[in-house]
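The values are calculated or read from the model by the stated rules, or taken from the named source; none is laboratory data. Computed from a predicted structure; not experimentally measured. Cβ: placed from backbone, ideal geometry, glycine included. Neighbour counts: every protein chain shown. Just so you know, the surface numbers come from the protein's heavy atoms only, side chains and all, with ligands and any DNA or RNA stripped out. Shrake-Rupley method; radii C 1.70, N 1.55, O 1.52, S 1.80 Å.
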Amino acid sequence: MAIELTTAGFIDLILRGGTFGILLLIIIRFVQRPEFGSLCATGILFGITGLVEIILNSPPMLEVLAPADFVAIGFQQFHFIALWWFIQALFDDRFRWRLTSFLPLTASIPLIAGASFAPGDARWWFTMALVALNVALLGLIIHTALRHRSSDLIDDRRNFSLALAFTVPPFTLFVFATGLISLDAPLVSALCLVYSSVYFLLALGFSYWLTSLKEGLFERTDNGLRSRPDSSELSGADRLELERVIKAMDGGLYLEPGLTIGSLAGKLRIPEHRLRKLINRGLGYRNFAAFVNDYRIAEAKRRLSDPELAREQIIQHAFSLGYASLAPFNRAFRERVGVSPTEFRETALGASVTH
């Protein structure tokens with residue numbers, strides 16, 4: 001099959017080659033990370049599916065795969081799901097693979113089959129259902145990237161979340177949606193050029209950000225709550241302010257319902273950006289919620305072990321510790337202690353009776 005290489009086609013080829021090389025570099029960087037975990041694994045998966053995406057969306061491949069478009073649709077869908085996994089691992093320090101992580105993949109399989117092989121009008125309905133699924137997944141991606149932004153103590157990650165949330169997911173959804181629609185050859189060629197240009201710029205921007213030695217992004221601990229403090233950049237004045245923060249928290253400020261990094265900064269009269277630096281670099285916390293929860297759970301353990309409070313309901317402890325409801329208290333307690341508050345109290349009170 002002879003393929004005429006036009007000026008647009010030549011530019012498209014160069015951009016795709018550049019993007020391919022950038023994604024390959026990103027994959028290599030993830031592979032070389034010494035602390036290989038879920039973030040690196042999802043990053044590699046996203047990069048590999050991106051490489052396949054570049055090839056499958058080229059004009060020659062679109063022409064070759066036209067009779068078997070389910071191949072391109074399937075890979076595009078998997079690339080979108082890999083993006084969701086990657087963003088979850090990137091912005092959620094507690095990300096772990098769970099059965100719910102594979103729900104979009106499970107739901108996509110029958111929809112892809114229906115959009116490719118269903119007879120007549122039924123194929124259109126399957127196609128629209130697949131687009132609707134990806135719109136919902138797009139919402140989850142943006143929500144994941146922005147959910148903890150206000151309490152995130154990693155400035156690099158906070159600055160990156162907005163750009164990532166509102167560029168890569170919409171672009172990926174656009175590519176997927178246009179791939180499901182039958183278009184004339186000139187329009188397909190134009191869209192391919194737009195696709196390769198935008199993908200190249202996104203990959204270039206992400207690789208530049210990724211290779212800027214932002215070690216705080218990659219640092220992970222076993223429980224995702226606290227890492228080794230790096231106070232080398234804290235001045236004497238910073239350490240004095242950090243002592244004020246610790247003294248205020250030790251004094252019970254953590255019990256205030258709805259305590260945020262902004263409200264704490266206001267109470268202590270410390271600029272919010274500096275308070276983030278103090279808690280992150282001085283104490284090793286990556287997220288303000290984890291910082292507050294450590295205080296609250298330590299106090300919860302003390303109260304649950306107190307025989308004088310044995311009859312107090314768990315939900316009353318949750319409210320008095322500053323939680324808005326029982327569920328977040330149970331979740332935070334189990335993450336740090338390994339058992340539920342009820343189980344912990346039974347064990348602690350049983351031990352006090354024995355002694």
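Only Lys, Arg, Asp and Glu count, each charged at its Cβ (+1, +1, -1, -1), so figure out the dipole size of region 243-355 about its Cα centre, rounded to 20 debye.
580
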> About the Cα centre of region 295-355, what is the dipole size in debye to 20, counting +1 per Lys and Arg Cβ and -1 per Asp and Glu Cβ, all else neutral?
Replying inline: 180
> Could you give the accessible area per residue of region 285-355, probe 1.4 Å, as a whole number in Å²?
Replying inline: 52
>> Relative contact order of region 62-148, please, whole-number percent, based on alpha carbon pairs below 8 angstrom and at least 6 residues apart.
In response: 33
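For region 289-351, what relative contact order do you get, as a whole percent, if you take Cα pairs closer than 8 Å and at least 6 residues apart? Intermediate values should be presented prior to the final figure.
Working: 43 pairs, mean separation 22.8, N = 63.
Reported as a whole number, the value is 36 percent.
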> Considering only Ser325, Thr342, Leu283, whose Cα is most displaced toward the positive end of the charge dipole of region 278-350, charges sitting on Cβ of Lys, Arg (+1) and Asp, Glu (-1)?
Replying inline: Leu283
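Restricting everything to alpha-carbon atoms, can you work out Rg to Rh for region 309-355 with a Kirkwood hydrodynamic radius? Kindly include the intermediate steps, with their values, before the conclusion.
Details: Rg = 11.3 Å, Rh = 11.2 Å.
Using Cα coordinates only, the ratio equals 1.00.
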> If you place +1 on the Cβ of every Lys and Arg, -1 on the Cβ of every Asp and Glu, and leave all else neutral, what size is the dipole of region 227-303 about its Cα centre, to the nearest 20 Debye?
Replying inline: 140
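Quote the relative contact order of region 239-355 in percent (integer), defining contacts as alpha-carbon pairs under 8 Å separated by 6+ residues. If you can, show how the numbers build up before the last one.
On the way: 88 pairs, mean separation 30.2, N = 117.
Relative contact order for region 239-355 comes out at 26 percent.
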> In whole angstrom, how far apart do the alpha carbon centroids of region 255-326 and region 69-133 sit?
Replying inline: 38
